[in-house]
1. Suppose every Lys and Arg Cβ carries +1 and every Asp and Glu Cβ carries -1, with no other charges. What dipole size does the chain come out with about its Cα centre, to the nearest 20 debye?
2. Under 5 Å between amide H atoms, partner at least 5 residues away or on a different chain: which partners does residue 74 have, H built in plane at 1.01 Å?
3. Pick out which of 91, 199, 239 has the largest mean-square fluctuation in a Gaussian network model of the chain, springs linking Cα atoms closer than 10 Å.
4. Would you work out the relative contact order for the chain, in percent, from Cα pairs under 8 angstrom that are 6 or more residues apart?
5. Can you check what the net charge comes to around residue 210, using other residues whose Cβ is under 13 Å from the Cβ of residue 210 (Lys, Arg +1; Asp, Glu -1)?
6. Rounded to the nearest percent, how much of the accessible area of the stretch 171-262 (1.4 Å probe, protein heavy atoms only) is carbon and sulfur?
7. Per residue Cα convex hull volume for the stretch 82-128, in cubic angstrom?
8. How large, in Å, is the chain by the Kirkwood hydrodynamic radius built from its alpha-carbon pairs?
Amino acid sequence: MFVGEKLFAEAEESSDSFFWLGQHSFLIKLAGKLILIDPFLMPMSERLVPPLFAAEDAKAVDLVCCTHDHLDHIDPFAVSELAQKTNCHFIAPKACEARMLSLGVSVSRLTLLNDGENYQYGPVSIHAIKAAHEFFEMTPEGYFPYLGYVLASEMKKLYHAGDTLWWEGLQARLRHFGPLDAAFVPINGRDAKRYREGIIGNMTYQEAADLTGGLDIALTVPSHYDMFAGNLADPQLFIDYMQIKYPQKALWVGQVAEKVIV
């Protein structure tokens, strides 16, 4: 199911908005810039959601933000194809420098961030927040391999959690940014069986709801629940929990490639 040309045409013509692309991947229009987060394009028989576009469809993309070096986040196929077929700039964790360079991203098109650091790309600032993907890990240089990002313009602020648990201090870090217009959070959870099989876990739907429910966030968007048969979650459980515990909070659960105005 390729919807590439239509998807990017609609995004270019839109005001501030986002399109969920399956798993934890999003296309975001913010302050006139087109931003891809964790694009996942590798064709795989195991995928339950096929790639929605080809790299050549994404020529209008300004910025690609990658959260960590797992196949569905720093996708070697997607990164190398986007490096070859677009002029986009890449953001990635400092811990992933060698990986990004090995995939054909030139030094001049790559900005590397660690926890607490930020980068200004025109009218959009990108702020890195460490993520605990089951655990906090750190390189000998003190770099966190898993990140989330706050994307901020003069008018809007969006949080993409990356793959993470709810760690002590995360709410306080997010409150520092003031009200957020949207938060994209994983809800696939974790358990011993998946961990034994090398499937590294994230927040449960309850944890994701409690994290965002306790913050000033205009719209909560659950994700990372739909791509692989062994790592699914039911978004209706998230909806039910949010509606009974945080009925005043808005949330969005919809279809891939659907435009949502921020």
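The values are calculated or read from the model by the stated rules, or taken from the named source; none is laboratory data. Predicted model only: the values in this text are computed from it and were never measured. Glycine gets a Cβ as well: all are built from the backbone with ideal geometry, and neighbour counts include every protein chain shown. Only protein heavy atoms, including side chains, enter the accessible area calculation; ligands, DNA and RNA are left aside. Shrake-Rupley method; radii C 1.70, N 1.55, O 1.52, S 1.80 Å.
1. 220 debye
2. 68
3. So, out of 91, 199, 239, the one fluctuating most is 199.
4. 17 percent
5. +1
6. Exposed carbon and sulfur together represent 55 percent of the surface.
7. Measuring per residue, one finds 67 Å³ for the Cα hull of the stretch 82-128.
8. 18.2 Å
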